[in-house]
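Colleague: One structure coming up, written as structure tokens, with questions to follow.
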Amino acid sequence: MNKTAKSPNDLMSKLQGETRYIHDMQLPGQLIAGVFRSPYPHARITRVDVAKAKEVPGVVAVLTADDVPHYEYGPTKYKDWNILAKDRVLFVGDEIVAVAAESKEALDAALALIEVDFEELPAVFDPEAAMRENAPVIHEGVGLNRPMHVRVERGDVEKARKEAYIVRGGRYYSNRIYQGYLEPIGVLAQWSEEDGLTLWAASHIPYRARETYAAALGLPEDRVRIIVPPIGGSFGAKYVLKVHVIAAVLAMKTNRPVKIVLDRLEDMMTAHPRVPLTFDIEIGADREGNFVYKKLAVYGDAGARIYWSPNVMATACTRADSVYHFRNVIAEGHLCYTNNSPTTCMRGFGNAEMLFAVESVIDELALGLDMDPAEIRMKNIVRAGETTIHGYKLDSCRLDECIERVKQLSGWERRKQLPPYRGLGMALANHVSGFRAIDPRFDGSTAVVRLKSTGELEVETGEIELGQGMSVTYARIVSKVLGVDENAITVKSGDTARYPFGIGTLASRSTVMGGNAVQRAAGEMLNRITELARQTLGPEAVFTGGVIRFKDKTYTLRDVAAWHRAQHAGDELTVKASYVPDTEMPDATYYGHPSPNYPFAAHVAEVEVDPETGRTRVIGYWAVHDSGTIIHHTMAKSQVVGAVAQGIGWVTMEDLQVENGRVLNPSMMDYRMPGAKDIPPVVVEFIEEPDPHGPFGAKSVGEVALDPVPGAIANAIAHATGKRGMRLPLSAERVWKLMNDTSDQ
Amino acid sequence: MTERSVQEPAALTLTVNRQQVRWTGDPAAPLVDVIREHMGLTGTKIGCRTGECGACTVLIDGKPVVSCLVPAASAEGHEVSTIEHLIEKEDFRALVASMLEHGGVQCGFCTPGIMVTLWAWLQDRELFNGDVASALKNNICRCTGYRSILSAVEQVIAREGGAHE
């Protein structure tokens, strides 16, 4: 097939260095911009003097709070963002002055000449401290510095507590993780009266970004266009970002294109890491190992402004209850402002964090009951056909088979005879394939399929490629429906002015939400092509194997395209279809069926702990998934292995250390992420049962692949050492201390 | 301006992808900036500028180096090859095909650097005690977990073996 069109996310292009990310783009007359940021975690601004900075040759604009709009805005319902700080800074890195210049040298000189005087204010860095009576107030009018207070209760936990035969639990901590995308955060902004604002920005929820930025700038939404170039990794970090807005105001003031690309130090100093969560958890069981209750309190550090931490908190308080039958549950979540850099989501989104604690406690219960950890899990898991305690309807669930299969693959029976300091640990997980509450106004996805005059097909979607394989997955879906070679199908997305509206790539949505829309649009295209061929040739015409057959003749899609254009003033044959799932908005008690379907996984990790140093090496890993039908096996497997690697990093080495609001290790040298030698062979298997709600029966993969990893490795370490680590990461130092009874827990 | 031009050092002549390139800027400028900004070869990516991520890996005399840490002047007299040059080679295409088959690429940002390192190692497999994972010690990939990349290389080697039989 002589392919003339290419998706901007074409994998071959990526392998050949031909893909152009934001950093690789240039516009004529482009300025380079940067930001003067607060060096204090909490301070009053008493003077801002930019006179000297403005005089630097090559400096085009220097903006302070006086030069930018001050609308109430923010990406969620908590509208606590600004563009530049006026009176007070709330964290180290809070933006105060924005500069645009002709060159990097001029920019750096100007930033160095900005004078700001501060009066330091008392600061708070811990969510529990933030709720104390005398704590500094971070946002006026927010009682206890707590913008979100979750309370979930089902059944009678107090009664179950009295009846429980065994109870295990304690205080578990999940830490700050830097998402570690290889492409630093960047943006290119352009303004014109005719076209309004155009941002080239790596947002994977660009329509929400557009809405947010339009509100920030006082523009109607359709005056803001977001074009999403290929994204060099995000993992949740690049939803909606302040530097995008700052570039926008600079472009509007200067009437010139403005580019900001953070260097790695600035990116890490001002990072919005995974929300650190503290869990006070208790799980009770009866004598046979049946769970009877789960009691939970969660403390979350939102940082100084709200990004996606509320959604993470809600997930942490609820989702694990749809993996196991706890029968009676109570959860209280406290999400608090602090003077740390705002935290946000990362793959796993509260569920991976919560499951670290839940899976650890379940192993402690198994130990207390002298049961096999696999057996206690099997006794308590959710099953197909059930509606879970919070209302998730499980039309498909093969979690039981995942457990059986991962036992076989990992040689689980070896567990009792492992040599010293070796351990095997198991953990389970669920996730969603999209989440109804992301946008209360609507759910679903829209796709366009276009037959181009070349006879090739183009798929247009509002969902975003992150490298997870969305484009090849959608191409394969269309190929399956139409019988056309998938290499002749181009997938386009990431331009709010050209492609259909989409909620975006978050909550593991793209395969199921976008995929269903693509499948529908392709189905409609099949009907249209068949109809057109019959009209043109005769009723015996059939569309099969990507071509039209009529009597003894064959016509290509190029012919079909020409027939359509002849009848429609030259217009291309285009179909558009929306998929609207039958999901339910969770109610005020967090009850509802929020996703079309739910993937599950059972993982086993094998570790070896060095008794001299406490260092853990993951030496084997097995992951068995129920993600329904797998549409693209290569990319699905790559997702799972990549997630396992991120989990290995999280548990054994990664920790974005923040002290008094300042990042202590803002470099890739000091924040070590896994290298090729840190990842053992990972055995991945899919139990493929079609789910009735997924495209060709698919469920999601991306996040459920990370969710069980911290629990599995933590359980393996506990098995290897006989000691339970309750604080992530389980670094060498921490494990050594545990083994030598000088625990810092 | 006159004063400045007096101080300007002599131009460097670099050899990049077999072409002679004149560089009149700062001789201490990182090689990656010469490659990307002066020559417009954006296949070489910048992830950290401190030599820790490997996205800017290029070859100097066939050996992989992080071009963010190499001053332009020290590349003079040496052969610099970027991914734009390697993609013309037959065995590079075999590696591309194998990476596609194994899912060795996701977001793609680290990928050019990794491809340069892998290709260089495939030319001299004695390096790093014959261990390709060790050869990748300076390349971080956050998406794939590396195993698919290692499998892709194994397959390239296995196919060569098959072809020679």
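Just so it is clear, none of the values below were taken in a lab; they were calculated from the coordinates. Remember, it's a predicted structure, so these values are computed and weren't measured experimentally. With ideal geometry, Cβ positions are generated from the backbone for all residues, glycine too; neighbour counts draw on all protein chains shown.
Colleague: Going by how many other Cβ atoms sit within 10 Å of their own, how do A:E359, A:E458 line up, fewest first? Write out the running numbers ahead of the final one.
Modeller: Numbers: A:E359 29, A:E458 19.
Exposure proxy ranking, most exposed first: A:E458, A:E359.
Colleague: To two decimal places, what compactness ratio does the stretch A:489-628 give when its Cα radius of gyration is scaled by 2.2 N^0.38 Å? Don't skip to the end; give the middle numbers.
Modeller: Working: Rg = 24.4 Å, N = 140, 2.2 N^0.38 = 14.4 Å.
In units of the globular-protein estimate, the stretch A:489-628 measures up at 1.69.
Colleague: So if we plug the beta-carbon distance of B:Q123 and A:E386 into 1/(1 + (r/R0)^6) with R0 = 60 Å, what FRET efficiency do we get, rounded to 0.05? Provide the component values of the computation, followed by the final result.
Modeller: Details: r = 57 Å, r/R0 = 0.95.
The calculated FRET efficiency here is 0.60.
Colleague: While we're looking at this one, here's another question. Can you tell me the Rg and the Dmax, both Å, for the Cα atoms in the stretch A:1-109?
Modeller: Spelled out, the Cα radius of gyration and Dmax of the stretch A:1-109 are 19.6, 66 Å.
Colleague: Taking just the alpha carbons, could you work out the radius of gyration and Dmax for the stretch A:606-662, both in angstroms?
Modeller: Computed over the Cα atoms of the stretch A:606-662, radius of gyration and Dmax are 16.0, 48 Å.
Colleague: Along each of its three principal axes, how wide is the spread of alpha-carbon positions in chain A, in whole angstrom units, largest first?
Modeller: 79, 74, 47 Å, listed from the longest principal axis down.
Colleague: Now, a different point. Please list, by residue number, everything in the stretch A:567-599 whose backbone N is under 14 Å from a paramagnetic label point 7 Å out along Cα→Cβ of A:S453.
Modeller: A:567-573
Colleague: If I build a Gaussian network model for chain B, linking alpha-carbon pairs within less than 10 angstrom, which residue out of B:G54, B:G108, B:G43 has the largest mean-square fluctuation?
Modeller: B:G108
Colleague: Right, next: Could you compute Rg(Cα) / (2.2 N^0.38 Å) for the stretch A:278-396, with N its residue count? Don't skip to the end; give the middle numbers.
Modeller: On the way: Rg = 15.5 Å, N = 119, 2.2 N^0.38 = 13.5 Å.
Taking N as the residue count of the stretch A:278-396, the ratio is 1.14.
Colleague: In percent, what relative contact order does chain A have, based on Cα pairs under 8 Å that are 6 or more apart in sequence? Walk me through the numbers on the way to the answer.
Modeller: Details: 1916 pairs, mean separation 109.4, N = 745.
Reported as a whole number, the value is 15 percent.
Colleague: Can you pull the one-decimal nm distance between simple spin-label points at B:H78 and B:R22, each 7 Å off the Cα toward Cβ?
Modeller: Between B:H78 and B:R22, the label points sit 2.4 nm apart.
Colleague: Between beta-carbons, use under 13 Å as the cut-off and find the net charge around A:V124, counting Lys and Arg +1, Asp and Glu -1. Write down the numbers at each step before the final one.
Modeller: Values: positive: A:R132, A:R146; negative: A:D126, A:E128, A:E133, A:D301.
With Lys, Arg at +1 and Asp, Glu at -1, the net is -2.
Colleague: Then there's this: So which residue, out of B:K45, B:K89, B:K63, gets the largest mean-square fluctuation from a GNM of chain B using Cα contacts under 10 Å as springs?
Modeller: The residue that fluctuates most here is B:K89.
Colleague: Can you compute the FRET efficiency between A:E413 and A:E689 using 1/(1 + (r/R0)^6), with r the Cβ-Cβ distance and R0 = 25 Å? Round to the nearest 0.05.
Modeller: Using R0 = 25 Å, I get an efficiency of 0.45.
Colleague: What is the sum of charges around A:D49, taking Lys and Arg as +1, Asp and Glu as -1, for the other residues whose C-beta is under 11 Å from the C-beta of A:D49?
Modeller: Working: positive: A:R47, A:K52, A:K54; negative: A:E115, A:D117.
For residues surrounding A:D49, the net value is +1.
Colleague: Let me ask another. Once you keep just the Cα pairs under 8 angstrom separated by 6 or more residues, what percentage relative contact order results for the stretch A:1-133? Before the final figure, lay out the partial values.
Modeller: On the way: 210 pairs, mean separation 46.2, N = 133.
Contact order relative to length: 35 percent.
Colleague: Now for a separate question. Give the Rg/Rh ratio for the stretch A:473-553, taking Rg as the radius of gyration of the Cα atoms and Rh as the Kirkwood radius, to two decimals.
Modeller: Details: Rg = 15.3 Å, Rh = 14.2 Å.
Rounded to two decimals, Rg over Rh is 1.08.
Colleague: Taking neighbour counts of Cβ atoms within 10 Å as a proxy for exposure, in what order, fewest first, do A:M346, A:M252 appear? Provide the component values of the computation, followed by the final result.
Modeller: Numbers: A:M346 28, A:M252 20.
Least to most surrounded, the residues fall as A:M252, A:M346.
Colleague: How high is the FRET efficiency between A:T544 and A:S578 when r is their beta carbon distance and R₀ equals 22 Å, given to the nearest 0.05? Numbers along the way, then the final one.
Modeller: Working: r = 27 Å, r/R0 = 1.25.
According to the calculation, E is roughly 0.20.
Colleague: Bin width 5 Å, origin at 0, all Cα-Cα pairs of the stretch A:559-624: what percent of pairs per bin?
Modeller: Reading the bins upward from 0: 3, 11, 8, 7, 7, 7, 7, 9, 11, 10, 7, 5, 4, 3, 2, 1.
Colleague: Could you please report the charge total around A:H719, scoring K, R as +1 and D, E as -1 over all other residues with beta-carbon less than 13 angstrom from its beta-carbon?
Modeller: Values: positive: A:R414, A:R415, A:K416, A:R422, A:K723, A:R724; negative: A:E359, A:D363, A:E364, A:D372, A:E606, A:E608.
Every neighbour counted, the sum reads 0.
Colleague: Among A:A732, A:G649, A:V684, flag the residue with its Cα farthest along the positive direction of the charge dipole of the stretch A:588-745, charges on Cβ as +1 for Lys/Arg and -1 for Asp/Glu.
Modeller: Of the options given, the answer is A:A732.
Colleague: Taking 0.36 nm per residue of sequence separation and subtracting the Cα-Cα distance, how much length would be gained by fully extending the chain between A:R441 and A:K104, in nm to one decimal? All intermediate terms of the calculation are to be shown ahead of the outcome.
Modeller: Details: separation 337, 0.36 × 337 = 121.32 nm, distance 4.33 nm.
Here the answer is 117.0 nm.
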